[in-house]
1. Looking only at residues in region 25-56 that are modelled with pLDDT of 95 or more and hydrophobic (A, V, I, L, M, F, W, C), which one is nearest to L70 (Cα to Cα)?
2. Look at A112 and say whether it is surrounded by 19 or more Cβ atoms within 10 Å (Cβ to Cβ), closer than 30 Å to R189 by Cβ, modelled with pLDDT under 95 and touching a Gly at 6+ places or on another chain (Cβ under 6 Å).
3. Between I73, I66, which is modelled with pLDDT under 95 and closer than 25 Å to I145 by Cβ?
4. Can we say D85 is charged (D, E, K, R), modelled with pLDDT of 90 or more and assigned by TED's automatic domain parsing to the domain that holds V183?
5. From the list I145, I149, which residue is modelled with pLDDT of 90 or more and part of a loop (DSSP other than H, G, I, E, B)?
6. Might you let me know whether region 143-152 holds any residue that is more than 22 Å from G88 (Cβ to Cβ) and within 20 Å of the chain's Cα centre (by Cα)?
7. Name the residues in region 29-53 that are over 21 Å from the mean Cα position of the chain (by Cα), surrounded by fewer than 18 Cβ atoms within 10 Å (Cβ to Cβ) and either assigned to a helix (DSSP H, G or I) or without any contact (Cβ under 8 Å) to a residue 24 or more places away in the chain (or both), would you?
Amino acid sequence: MSPTAARSRRADAARNRELLLRAAHDAFTARGVTASLDDVARAAGVGPGTLYRHFPTRDALVLAVINDGLTDIHHLGTELLTASDPFGALREWLRAYIEQGAMFKGLAATLASPPPPPDGTRSTCELARTAGAALIARAADTGAIRTDIGPDDLLDMAAAITWVGEQPDRDRARCHRLLDVFVDGLRPRAG
């Protein structure tokens, strides 16, 4: 195979992987992680064989989608570290974190507390936690939030808010309202 053909083949494989991840994200968000993998492959415009070459099991695909989302959360946190409003940056990051957690039932609780998450997500979870810790430190250093708030406090509350959103009789608007109440409680106490 010529070098040009090999590069083209690698580019096609990378493109197919991204298409599969996007299709899986959409399917898992709409129907949960038990969504049909044949439907995922079809939505990505590839055959089942291509899906299984990239992700040999359903768990492998779920972990890849989770890792992508957590990587996005980490990148958002890194970008927000330079925002002019540390309080607003923390609020934006928490909102994104909760939205990511709401995608997969139980994900926020897994990320927030021991034991550590599965091996396939451990390092990505740590990156997301580190981003949250840095945003908390910056907000506390500037006086935007109380100084007695730590990453575990933040992630535990995010897990609780996400849990509320997982309940059948609740919606995302309820999660956003609870987040607003929580974030407002982070402000320094008067006097």
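The values are calculated or read from the model by the stated rules, or taken from the named source; none is laboratory data. The structure presented is a predicted model; accordingly, all values stated were derived computationally and were not measured. Here Cβ is always computed from backbone atoms with ideal geometry, including for glycine, and neighbour counts include all displayed protein chains.
1. Per the criteria, the residue is F55.
2. Considered against the rule, which asks whether it is surrounded by 19 or more Cβ atoms within 10 Å (Cβ to Cβ), closer than 30 Å to R189 by Cβ, modelled with pLDDT under 95 and touching a Gly at 6+ places or on another chain (Cβ under 6 Å), A112 comes out as no.
3. I73
4. yes
5. Sole residue among the options that is modelled with pLDDT of 90 or more and part of a loop (DSSP other than H, G, I, E, B): I145.
6. Yes, there is a match, as at least one residue in region 143-152 is more than 22 Å from G88 (Cβ to Cβ) and within 20 Å of the chain's Cα centre (by Cα).
7. Answer for region 29-53, where residues must be over 21 Å from the mean Cα position of the chain (by Cα), surrounded by fewer than 18 Cβ atoms within 10 Å (Cβ to Cβ) and either assigned to a helix (DSSP H, G or I) or without any contact (Cβ under 8 Å) to a residue 24 or more places away in the chain (or both): S36, D38, D39, R42, A43, G47, P48, G49, Y52, R53.
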